[in-house]
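Read-outs throughout are calculated quantities, based only on the coordinates presented, and are distinct from any laboratory measurement. These numbers were taken from a predicted model, which means no experiment stands behind them. Ideal geometry is used to build each Cβ from the backbone, glycine not excepted, and the neighbour counts take in all protein chains shown.
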Amino acid sequence: LKSFLHFAGLRAAWAAGLLFTAGLLQGIGLLMLIPLLGLTGFISTDTKPDKIVTTLQGFFDSLGLNYSLTTVLFIFFLVLTAEALFNRYRSILLNNLQLDFTDHLRNRLYRAIGHASWQFHSHHHSADSVHLLDEVVSDIGQGTYSVLQLFVVISYAIVFLLVSLQISPVMTVLIMITGLLFYGLVIPINRRVFRHGQRAVEASRTLYRTMADFFAGLKLAKSYNRTQNHIEEFITNTRKLRSEQKALMSSSASAQMWLRIFTVALLSLFVYLALKVFGMSADRLILLIILANRLYQALSNGQNYWQYMLRMLPAYETYVQAADKFNQHAEIISSKGKTVPPLQHKITLQSVSFYYTDKQQATLDDISISIPAKKTTAIIGPSGAGKTTLADILMGILTPDEGKLFIDETELEPGILPAWREHVAYVPQEVYLFDGSIRSNLNWACQQDKEEEDLWAALEAAAAADFIRQLPDGLDSLVGERGLRLSGGERQRIALARAILRKPDVLILDEATSALDTENERRIQEAIGSLHGNLTIILIAHRQSTLRQADHAIELDKGAIRLKTKVNQPTP
């Protein structure tokens, strides 16, 4: 509620004003039923003038209006019309507040996810983030609407109680006591609702993970004839989620059933007490019955909205905890506008160590190396040697736990790593292409869209221009989801062209050709060779053949430097 009020600001005050005004108008309309019943002759008010009738007559006299059926009906019509107008604006405002607050939460979380460090993301299941952005935030949005509607119910209930006090203070007190008694009786049901809500959030998260794993491994699952396993797991997790949702619905239905029985019994009791004990007049009894019915309807709606809020609270707790974790692991960005000068001489790692989990096993252990500018350096070693981790540190998405990283004489502190990344281009083994055109995939890596001649120049440098010219739509050809309309070699060459388009100081290729056939590997190597001497190239590979393209080689083994050599020197 605090978060919502902070977001809504003055709109919350405006909504509260609309709620109060609409409730007040409905209360006035209800009070006017007594004079209307008297003027129609349905009941007689001649022998004992009603206080409400007397007050209304005095109001009409002050305005110079005749107290007649026509005038009262006209005022009654105006009051209810005004109430309808206020309710319309209230509904629109509350709906807009709910949608805007939902978007605010989703955008804030998306921003936190984007700003979180890569090290945190490497240990976080991406399906959990999708679940938070989709299911959890949507649940919070629906819960927010329920909270807003709960305020509507409360405002109307207050007005009904105030009107009821004018008719019979004693009966009003009885109504209030029984209402509080009912809420006391449904506390155990509401506790069950909260617990089911917690389990539903967890079941939903598991279902999202199941779906993400299925789509990520769909091709392999088909090749192994294991799609049925995924389907059965999906059905099992869906049933778990539905079980919790059905339990929630059952609890809600139970509360509504008992409220209905409670309401009928109490209305019967009130009619008996009003006639036999308090000797209430017919006009007041009719109005009191209407008010009591409205109050218990408000009680029913309030219970529904309260339960939905309880169902939402676990989702909100999950959201807050996740957002806090992302924010705690946010990258440090310098507020002083620091920049990193272009690389001129060398990149230096000084006693760099890095740990993914704990301090017991270092992924990189006391690494000290220099990488000369405008040269090609190969970093080789077996799988698990720490090559990709070293590449991540060099490109500035990981920060060493120990040691320092220098660009010439500038130390790369955490706050200026984003500025350094503007000087770096990275081509991984698994190419990232989104479902769009070749043009949009190329421009994605740049701050501003490039001219077409720049695009073709980058494609020529990456040996990709020829096959793109043969496509029916050229640069505007669609690549499909994850670039699946293209071959592996074509995707890799587009990725290389995209990296070249950034005009980087440093180009890092992480196993960029290891999954390609001989012909495509040759084309990529020729393209890389054409860049030699123009920028600093770092080749990450596990094959000795990579040394043919390098000026220097660094061999890693179990996170430590095993060998540093020039290529024209023999290697042991």
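Using C-alpha pairs below 8 Å separated by at least 6 residues, the relative contact order for the range 346-566 is 31 percent. With both labels modelled 7 Å from their Cα along Cα-to-Cβ, the ALA265 to ASP449 distance reads 7.0 nm.
The local environment of ARG192, defined by Cβ-Cβ distances under 12 Å, has a net charge of +3 under the rule Lys, Arg +1 and Asp, Glu -1. Taking Cα centre as origin and charging only the Cβ of basic (Lys, Arg, +1) and acidic (Asp, Glu, -1) residues, the dipole magnitude of the chain rounds to 1680 debye. Panel order for MET211, MET257, by other beta carbons found within 10 Å of each beta carbon, from fewest to most: MET257, MET211.
Residue-wise HN-Hα couplings along the range 232-244, as the Karplus relation 6.51 cos²θ - 1.76 cosθ + 1.60 with θ = phi - 60° gives them from phi, are 5, 5, 4, 4, 4, 5, 5, 5, 4, 5, 5, 4, 5 Hz; Gly and Pro carry x.
Computed from label points 7 Å out along Cα-Cβ, the spacing between TYR272 and ASN225 is 7.3 nm. Quick one: angle between helix 10-31 and the longest Cα principal axis of the chain, in degrees between 0 and 90, rounded to 10, please. It works out to around 20 degrees.
Label separation (ARG195 vs LEU180): 2.8 nm, computed from points 7 Å beyond Cα along the C-beta direction. The order of MET249, MET171, going from fewest to most other C-beta atoms within 10 Å of their C-beta, is MET249, MET171. Applying the criteria of a DSSP loop state and at most 16 other Cβ atoms within 10 Å to the chymotrypsin sites (Phe, Trp or Tyr not before Pro) of the range 403-447 yields TYR432, PHE434, TRP444. Among LYS338/LYS450; LYS338/LYS374; LYS346/LYS404; LYS450/LYS503; LYS374/LYS450, which pairs are too far apart, with a Cα-Cα distance over 18 Å? Pairs exceeding 18 Å: LYS338/LYS450; LYS338/LYS374; LYS374/LYS450.
The calculated FRET efficiency for the pair GLN321 and LEU99, based on their C-beta separation and a Förster distance of 25 Å, comes to about 0.55.
Counting charges near GLU233 (Lys, Arg +1; Asp, Glu -1) among other residues having Cβ under 13 Å from its Cβ returns a value of +2.
For Kirkwood radius over Cα pairs in Å, computed directly from the structure shown, the correct entry in [x] 25.5; [y] 30.1; [z] 29.3 is [y]. With the highest mean first, a sort of the peptides 194-207, 176-189 on other beta-carbon atoms found within 10 angstrom per residue produces 194-207, 176-189.
Only one residue of THR388, VAL72, ASN107 has its Cα farthest out toward the positive end of the dipole of the chain, where Lys and Arg carry +1 and Asp and Glu -1 on Cβ, and that residue is VAL72.
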